[in-house]
Amino acid sequence: MASALSSLPRPVRIVATLVLAGLAGWACERLGTPLPWMIGPLLVTAAGCVAGLPLAGSTVLRSAGHWAIGTALGLYFTPQVVGVVLHHAAGIVAGIVWALALGLAFGLVLARLHRGRPGLNAATTYFASAIGGASEMAMLAERHGGRVDLVASAHSVRILLVVILLPFGFQALGLRGLDPFVPGPAVVHGAGLALLIALTCAGSLLLQHLGKPTPWVLGSLAVAATLTASGVELSALPTWMTHLGQVFIGVALGTRFSPDFVRTAPRWLASVAVGTLAMIVLCAGFAWVLARWVGLHPATVMLGTSPGGIAEMCITAKVLQLGVPIVTAFHVTRMAAVVLLSGPLFGWLSRRGWLG
């Protein structure tokens, strides 16, 4: 059956994948699971791909999903909220330092566990453990002689575990609506929405042209946040757009997996999985300490400092109403720091022989 489906044109397989993902999102919403429109599509497409089904994603749809999430997040940055974020700048900087240190420590552990194994050199273990920018870390690993497949698989496992465990864990603990922020625009206006879409897409295309990381998240976020912070409220984003964006992101994450995924370096994947669980526990402890210092709710700080991706963790914050702009600020600044500093830091550590 899988081989017969594989012969179908790619557009047909993409549509079929989206239908399956949409049904999974609807079912998860009916069951009351957290983040149903992202977790449902993620799980069903990942399971299908590992089982050998020729499911297919699309980079265009993934970008559309990133645009929807970035725009929705940007609408939270009212002038009052910007003041709150700036008030917590010291905590956000502490989160950046924590992410860099935790990623380095994880990389050293991976290097020690896999010392002497073919292909598992310092570049592979270092960039596989960096917290942020999966595609950017894979490119940096290739540039420094690391194995791209192992780096990419490590980030896929990390993001999958964090996206599943944190929302379910927060829901089980009743951590919802504890640090709510309200977006600036509250009503959808047709003309305003059209203009908002045009401006945010232009910002995303500009960042894409400049070769910046996750341009469709950061470009739309930057434009929407700038407008909202300036008091310009063109339109709210329809709920169906954010739901569809979550479906697209879930499909993009799920279709990273393949039948060969679980058979590729099982010891490597197991060590990454265990390490990710350890990082989640360590981040929970760090979040509790940092929250007491900066006066934020620990759940908000946990999402802001967790080893997940920017889009996934900010969606979690939005759906669970846990300090959306604070979590967004944590992840945007952290991702920028990790992408900019990981390469130079690797070179500096390598020259001193600290990476083995």
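Report in % the part of the accessible area of the range 80-165 that belongs to carbon and sulfur, leaving out ligands and nucleic acids; probe 1.4 Å.
Answer for the range 80-165 is 68 percent, counting heavy atoms of protein chains only.
So for the range 178-245, Kirkwood radius off the Cα pairs, Stokes-Einstein at 4 °C and 1.567 mPa s: how many µm² s⁻¹?
My calculation gives 102 µm²/s for D.
Return the FRET efficiency for the residue pair Glu142, Gln171: r is the Cβ-Cβ distance, R0 is 41 Å, and the value is rounded to the nearest 0.05.
0.60
What helices does the chain have that are whole DSSP H segments, at least 24 Å long along their own axis by Cα, and with mean Kyte-Doolittle hydropathy of 0.0 or more?
Helices meeting the criterion: 10-31, 89-113, 148-172, 190-209, 266-294, 324-351.
Placing +1 at every Lys and Arg Cβ and -1 at every Asp and Glu Cβ, with all other atoms neutral, what dipole size does the range 172-305 have around its Cα centre, in debye to the nearest 20?
With only Lys, Arg, Asp and Glu charged at Cβ, the dipole is about 380 debye.
Shape of the range 136-192 from its Cα gyration tensor (a ≥ b ≥ c, root eigenvalues): rounded if a/c is under 1.5, otherwise prolate when a/b > b/c, or oblate?
The shape class here is oblate.
In nm, to one decimal, how far is the Arg352 label point from the Leu282 one, both placed 7 Å along Cα→Cβ?
Calculated label separation equals 1.8 nm.
Would you mind computing, in nm to one decimal, how far apart the modelled labels at Ala194 and His87 are, each placed 7 Å from Cα along Cα→Cβ?
For the pair Ala194/His87, the computed spacing is 4.0 nm.
Return one quarter of the surface area of the convex hull spanned by the alpha-carbon atoms of the range 47-138, equal to its mean projected area, in nm².
Computing the convex hull of the Cα atoms and averaging its projections yields 9.3 nm².
Quick one: dipole size for the chain, taken about the Cα centre, charges +1 on Lys/Arg Cβ and -1 on Asp/Glu Cβ, in debye to the nearest 20.
880
So for the range 268-356, averaging the separation of alpha carbon pairs under 8 Å that are six or more residues apart and normalising by length, what relative contact order in percent results?
Taking the mean separation of contacting Cα pairs over the length of the range 268-356, I get 19 percent.
Any chance you could run the full-extension gain for Trp240 through Val12? It's 0.36 nm times the residue separation minus the Cα-Cα distance, nm to one decimal.
Additional length available on full extension: 79.8 nm.
Quick one: if you take sqrt(5λ) for each eigenvalue of the C-alpha gyration tensor of the chain, what semi-axes come out, biggest first, whole angstrom?
30, 26, 19
Rounded to the nearest 0.05, what FRET efficiency do Leu340 and Asp260 have when you use their Cβ-Cβ distance and R0 = 22 Å?
In this case the efficiency is close to 0.10.
Normalised by the number of residues in the range 95-143, what is the relative contact order in percent for Cα pairs under 8 Å and 6+ residues apart?
This gives 37 percent for the range 95-143.
Could you give the length gained by full extension between Val289 and Ala27, i.e. 0.36 nm per residue of separation minus their alpha carbon distance, to one decimal place?
90.6 nm
Please compute the Kirkwood hydrodynamic radius of the range 71-230 from all pairs of different C-alpha atoms, in Å with one decimal.
Every distinct Cα pair counted, the radius reaches 18.6 Å.
Could you provide, to the nearest whole Å², the per residue accessible area of the chain with probe 1.4 Å?
Here the residues of the chain average 43 Å² of exposed surface.
For an R0 of 41 angstrom, estimate the FRET efficiency from the Cβ-Cβ distance between Arg112 and Val50 and round to the nearest 0.05.
That gives a FRET efficiency of 0.90.
Could you rank the peptides 271-281, 190-200 by their average count of other C-beta atoms within 10 Å per residue, with the highest value first?
271-281, 190-200
Quick one: compute the contact order of the chain, relative version, from alpha carbon pairs under 8 angstrom and 6+ residues apart, as a percent.
Worked out over the chain, it gives 30 percent.
Taking square-rooted eigenvalues a ≥ b ≥ c of the alpha carbon gyration tensor, is the range 259-346 rounded, prolate or oblate, where a/c under 1.5 means rounded and, failing that, a/b exceeding b/c means prolate?
prolate
Longest exposed-loop-site-free stretch of the chain, with trypsin sites (Lys or Arg not before Pro), DSSP loop and at most 16 other Cβ within 10 Å?
Result for the longest clean stretch: 1-114.
Return the single residue from Ser230, Ser220, Ser58 with maximal mean-square fluctuation; model: Gaussian network over the chain, springs between Cα atoms under 10 Å.
Ser230
The values are calculated or read from the model by the stated rules, or taken from the named source; none is laboratory data. Since the model is a prediction, treat every value here as computed from it, not as a measurement. When we count neighbours, we look across all protein chains shown, and the Cβ atoms used for this are built from the backbone with ideal geometry, even at glycine. For the accessible areas, the whole protein counts, side chains as well, though only heavy atoms, and no ligand, DNA or RNA atoms are used. Shrake-Rupley method; radii C 1.70, N 1.55, O 1.52, S 1.80 Å.
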